[in-house]
Structures are given as structure tokens and as C-alpha cells.
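The values are calculated or read from the model by the stated rules, or taken from the named source; none is laboratory data. Just so we're clear, the structure is a prediction, and the values are computed from it rather than from any experiment. Cβ placement follows ideal geometry from the backbone for every residue including glycine, while neighbour counts extend to all protein chains displayed. Only protein heavy atoms, including side chains, enter the accessible area calculation; ligands, DNA and RNA are left aside. Shrake-Rupley method; radii C 1.70, N 1.55, O 1.52, S 1.80 Å.
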Amino acid sequence: RLTIDGGPGSNRIFSVEAGSNVTINDVKLTGGNGGGTTFSGNGGAILVNGTGTVLNLNRVHVTGNSGSDGGGLCNYFAVVNVNDSTFENNTSTSQGGGIATGGTGTITTINNTTISGNSSSGFFGAGGIMQFVAGTLII
């Protein structure tokens with residue numbers, strides 16, 4: 001399995017922006033910490049942002065990432081489908097150690113996926129998954 005490491009400094013591994021349709025298969029994402037200009041600090045490994053945006057994760061191992069909202073993945077206003085994947089040992093300083101998702105029109109679907117060992121130190125917490133504001137979460 002290919003490993004993509006965010007490396008030293010302030011780095012987010014993937015930023016999926018409005019109107020994009022992205023599929024990521026068979027990869028390990030580690031060492032991301034939410035750096036970037038869009039929603040800086042959110043989405044340690046992956047930030048998905050914007051209506052009309054779709055992200056499909058298949059057999060992806062998201063581990064050892066950190067961010068403020070969504071240590072592993074942060075989804076605002078988009079559609080995210082997670083299949084046969086793992087979110088483990090990711091951390092958040094606000095909400096959703098593994099996954100944070102929310103906003104009008106947001107749909108996050110999680111199938112056959114392990115979410116384990118994630119943590120959040122924020123007021124709202126939710127080490128594994130945080131569904132906030134609005135949207136739909138299907139597990």
C-alpha cells in the first residue's frame with residue numbers, strides 16, 4: 001500500500017474543493033495536520049469543502065493525523081463516501097478526532113469501516129465522529 005506522509009511543518013495531505021469529484025483508493029494517509037489556506041487547521045489529512053463536491057474513499061487507512069475539526073477528515077457541505085477503510089489514532093483539538101462532518105447539504109456515508117483510537121480535546125469532543133450543525137450521517 002502506498003503511504004503519503006504530510007511531513008514536517010503545517011501540511012494537509014488532500015484538499016478537495018467545490019465542484020470536484022475525487023476517488024482515492026488503496027492508500028495510507030499519515031502525518032497531516034490541517035495546514036493550508038482554506039479552513040486552516042481543519043481536516044488533518046483531508047478537507048472536503050463545497051456544494052457539488054464528492055469524495056469517495058475506498059480501502060484508505062487514515063492514521064496519525066491531527067487538526068482542529070476533523071483530525072483525519074473534515075467535511076463541509078459535500079458528499080463523502082467511505083468504504084472498507086480505517087480511521088485510527090487521529091487527534092482533534094476541537095471536534096471529531098477521526099471525522100468531523102456538517103453543514104447544510106452535507107452527506108457522509110460510512111460502510112464497513114473501522115474507527116478506533118481517535119481522540120478530541122475540544123469542548124464538544126467526539127473522538128471518533130462528530131456530526132455538527134446540519135447534514136446527514138449514515139453509518
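Among the residues of this structure, residue 23 does not count as one that is in a strand (DSSP E or B), within 14 Å of residue 127 (Cα to Cα), β-branched (Val, Ile, Thr) and open to solvent by 60 Å² or more (accessible area, probe 1.4 Å). Only one entry of 41, 32 meets the criterion of being modelled with pLDDT of 95 or more, under 20 Å from residue 89 (Cα atoms) and surrounded by 17 or more Cβ atoms within 10 Å (Cβ to Cβ), and that entry is 32.
Residue-wise test of (1) assigned to a strand (DSSP E or B); (2) in contact with a Cys (Cβ under 7 Å, 6 or more places away or on another chain); (3) among the small types (Gly, Ala, Ser).
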{"residue": "58", "(1), (2), (3)": "yes, no, no"}
{"residue": "61", "(1), (2), (3)": "yes, no, no"}
{"residue": "68", "(1), (2), (3)": "yes, no, yes"}
{"residue": "87", "(1), (2), (3)": "yes, no, no"}
{"residue": "93", "(1), (2), (3)": "yes, no, no"}
{"residue": "101", "(1), (2), (3)": "yes, no, no"}
{"residue": "127", "(1), (2), (3)": "no, no, yes"}
{"residue": "130", "(1), (2), (3)": "yes, no, no"}
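Within segment 52-104, the residues that satisfy the criterion of being aliphatic (A, V, I, L, M) and closer than 17 Å to residue 4 by Cα are 57, 60, 62, 73. Restricting segment 47-80 to residues that are among the aliphatic types (A, V, I, L, M) and open to solvent by 20 Å² or more (accessible area, probe 1.4 Å), the residue that is nearest to residue 112 (Cα to Cα) is 79. If only residues of segment 1-20 that are surrounded by 17 or more Cβ atoms within 10 Å (Cβ to Cβ) and β-branched (Val, Ile, Thr) are counted, the one that is farthest from residue 103 (Cα to Cα) is 13. Just one of the listed residues (105, 122) is surrounded by fewer than 22 Cβ atoms within 10 Å (Cβ to Cβ), modelled with pLDDT under 95, of a type outside the set (S, T, N, Q) and in contact with a Phe, Trp or Tyr (Cβ under 7 Å, 6 or more places away or on another chain), namely 105.
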